[in-house]
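Read the structure below first, then the notes.
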Amino acid sequence: MKGAFQKHIWFAVLFQFFTWYLSFATGYQVNAYVGINQGLSNNFVRCVYQDKTGFMWFGTYDGLNRYDGYEFRIFRNNFKNNRSLINNWINAISEDAKGNLWIGTRQGACVYQGLSHNFSALYYYTTAEKKSQLNSVINDIEADQQGNTKSGLFH
């Protein structure tokens, strides 16, 4: 009887050890939580992107958030500044070969230049050769290494 009890104890210890070992071997543990209490503009995150320099970018319903590992910098639309983000509802983030971020929003797309911290709205030419600002909902945007961009529009 004593031998059977010892076998069960050893089995339980080994089972516990392997369960613990496999929990670490399958992935990373979450060590931190970042939310509005840590400076995020909104807890509903629509997209996440890590740029070439290591910044984490979070697109929310209330702006574009850049996280450096310590604090957030929030970019929002400012009606008085035409070099600000064009809309606060962020759907997509991508980066081109030059390090510019391409931001897809609910009212078009824009490009963020990191050196000047400015945004530029995107324009296109109509069939009548008239320059018009892109103002469709952009759900996806991709930039390749040749400088081409592709966007997913929703009308």
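None of the figures in this text is laboratory data; all of them are computed from the coordinates on show. Note that this is a predicted model, so its numbers are computed, not measured. Please note: Cβ atoms are built from the backbone with ideal geometry, for glycine as well, and neighbour counts cover all protein chains shown.
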Using a Förster distance of 25 Å, the FRET efficiency for R73-S136 (Cβ separation, nearest 0.05):
0.35
Ranked by how many other beta carbons lie within 10 Å on average, peptides 73-86, 119-132, 52-65 from highest
52-65, 73-86, 119-132
Fully extended, how many nm does the chain gain between A97 and T126 (0.36 nm per residue separation, minus their Cα-Cα distance)?
7.7 nm
I want to make sure I understand the PRE zone here: with the label point 7 angstrom from the Cα of N81 toward its beta carbon, which residues in the stretch 96-133 have backbone N atoms less than 13 Å away?
113, 116-120
Report the full-extension gain for the segment H117 to V45: residue separation times 0.36 nm, less the Cα-Cα distance, to one decimal in nm.
23.8 nm
Protection proxy ranking of 102-108, 42-48, 92-98 - average other beta-carbon atoms within 10 Å, highest first
102-108, 92-98, 42-48
